[in-house]
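Okay, structure first, notes after.
The values are calculated or read from the model by the stated rules, or taken from the named source; none is laboratory data. Everything quoted here is computed from the prediction, not taken from an experiment. Here Cβ is always computed from backbone atoms with ideal geometry, including for glycine, and neighbour counts include all displayed protein chains. With ligands, DNA and RNA removed, areas are computed over all heavy atoms of the protein, side chains included. Shrake-Rupley method; radii C 1.70, N 1.55, O 1.52, S 1.80 Å.
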Amino acid sequence: MATELIVRARAGDGEAFRALTEPHRRELQVHCYRMLGSVQDAEDALQDTLLSAWRGLDGFDGRASIRTWLYRIATNRCLSALRSAARRPAKAWDIPGVEPPEPTRLGEVVWLEPFPDALLPEPAGPEARYEQRESVSLAFVTALQALPPRQLAVLVLRDVLAFPASEVAGMLDTTVDSVKSALKRARAGLRRREPAEPPPAPGSPAENAIVADFVRAWETADIDALVTLLTDDVFLAMPPLPFEYEGRDVTARFCARLFGAGRRFDLVPTRANGQPAFGAYLRGASGIRHGTGLYVLGLAGDRICAMTRFENSVLPAFGLPRSLPA
């Protein structure tokens, strides 16, 4: 069947080409996202990959599978983007009426964007679902962005996607020894925030309970209730703002200043990067609630170990409106 589709696609049959590539589209998009950290950049790289595959189908020799061939194209498109692109710059503080505490540090991965769970491939079973969630978590994707591009590519292809070293060498036009060396350096250089406890399963009673407590505390601006939900080393980030806060006390001070300015929110649930997420809507005097951003929670046991706030420009990707009626 695949051979027949290739013959038809080479003859210009677009439907045959789509039949060849569509089964791999979502996983390729996730691959590009892991490498680039941006949904929009990943979509651009995916479109470039498919266009290049369409134009270069005559060069497919059949020694590798169509899937491997597509990953080769996608990986090299992402490497080109990483080497040449001007990443999204950091933004100045822009929340009116709120004076933030001194940040713990200034983050460097300000181009990070959340990935909608609705776009993830359907996993084969519980174990695959867990592995998928871990490999797209914000903590993991953020850590990947700090690696040199070639090491990043090797680590994702070998440790996440489990391609053999020989196939990775072919994708990157290098040697197996070079792949092994790059993988060793990438593993050593990967600086990932590991939660003290594993998160509860998505949709489980344990996850639902902590999510409900968070929504209640946030919507009522109850700082004391919110603080009880946080781990001692909770981490708060808000790309493209570079401000990052680490620790329960400073995170509580940040939230207190946010609520102390009179800002009150309604939260609309969704999921991003395998994690609970919420569209945040600021209540206005007219009753209309305007979207201010998207919050993604990192969980550890029955506590929140990370909160990441993104701009309202990401809301449409999650099917969320820019505003809610009165």
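With all protein chains present and a 1.4 Å probe, how do VAL160, VAL7 order by accessible area, largest first?
VAL7, VAL160
Across the stretch 144-149, in residue order, what do the Karplus-derived ³J(HN,Hα) couplings come to in whole Hz, using 6.51 cos²θ - 1.76 cosθ + 1.60 with θ = phi - 60° and x for Gly and Pro?
4, 5, 7, 7, x, x
Springs between alpha-carbon pairs under 10 angstrom, Gaussian network model over the chain: which of GLY59, GLY260, GLY37 fluctuates most?
GLY59
If you average the C-alpha positions of the stretch 274-326 and of the stretch 8-35 separately, how far apart do those two centres end up, in angstrom?
32 Å
What is the antiparallel percent of DSSP beta bridges lying wholly in the chain, to the nearest 5?
Percentage antiparallel, nearest 5: 90.
Taking the Cα centre of the stretch 132-179 as the origin, how large is its charge dipole in debye, to the nearest 20, when only Lys and Arg (+1) and Asp and Glu (-1) carry charge on their Cβ atoms?
160 debye
Given a 1.4 angstrom probe, I'd like the percentage of the accessible area of the stretch 83-140 that is carbon and sulfur, rounded to a whole number.
Percent of accessible area from carbon and sulfur atoms in the stretch 83-140: 56.
Per residue, how much accessible area does the stretch 190-287 show when a 1.4 Å probe rolls over the protein heavy atoms, in square angstrom?
Using a 1.4 Å probe on heavy atoms only, each residue of the stretch 190-287 averages 44 Å².
Remind me, what semi-axes does the stretch 55-144 give for its equivalent ellipsoid, largest first in whole Å, using sqrt of 5 times each Cα gyration tensor eigenvalue?
36, 21, 11
Dividing the Cα radius of gyration by the Kirkwood radius, what Rg/Rh value follows for the stretch 185-277?
0.99
Tell me, how many Å apart are the Cα centres for the stretch 135-184 and for the stretch 191-269?
So the two Cα centres are separated by 32 Å.
Excluding ligands, DNA and RNA, what is the solvent-accessible area per residue of the stretch 68-176 at a probe of 1.4 Å, expressed in Å²?
47 Å²
Once the other residues with Cβ under 15 Å from the Cβ of GLY107 are scored (Lys, Arg +1; Asp, Glu -1), what is the net sum?
For residues surrounding GLY107, the net value is +2.
Where does helix 14-36 land angle-wise versus the long Cα axis of the chain, in degrees 0 to 90, nearest 10?
Here the helix axis deviates by roughly 50 degrees.
Averaging over every viewing direction, what projected area does the convex hull of the Cα atoms of the stretch 1-59 cover, in nm²?
For the stretch 1-59, the mean projected area of the Cα convex hull comes to 4.0 nm².
How do GLU122, GLU131 stack up against each other in accessible area, from largest to smallest, with a 1.4 angstrom probe?
GLU122, GLU131
Based solely on its DSSP helices, what 222 nm [θ] is calculated for the chain when runs of n ≥ 4 H residues each add -39,500 (n - 2.57) and the sum is averaged over all residues, nearest 500 deg cm²/dmol?
-14500 deg cm²/dmol
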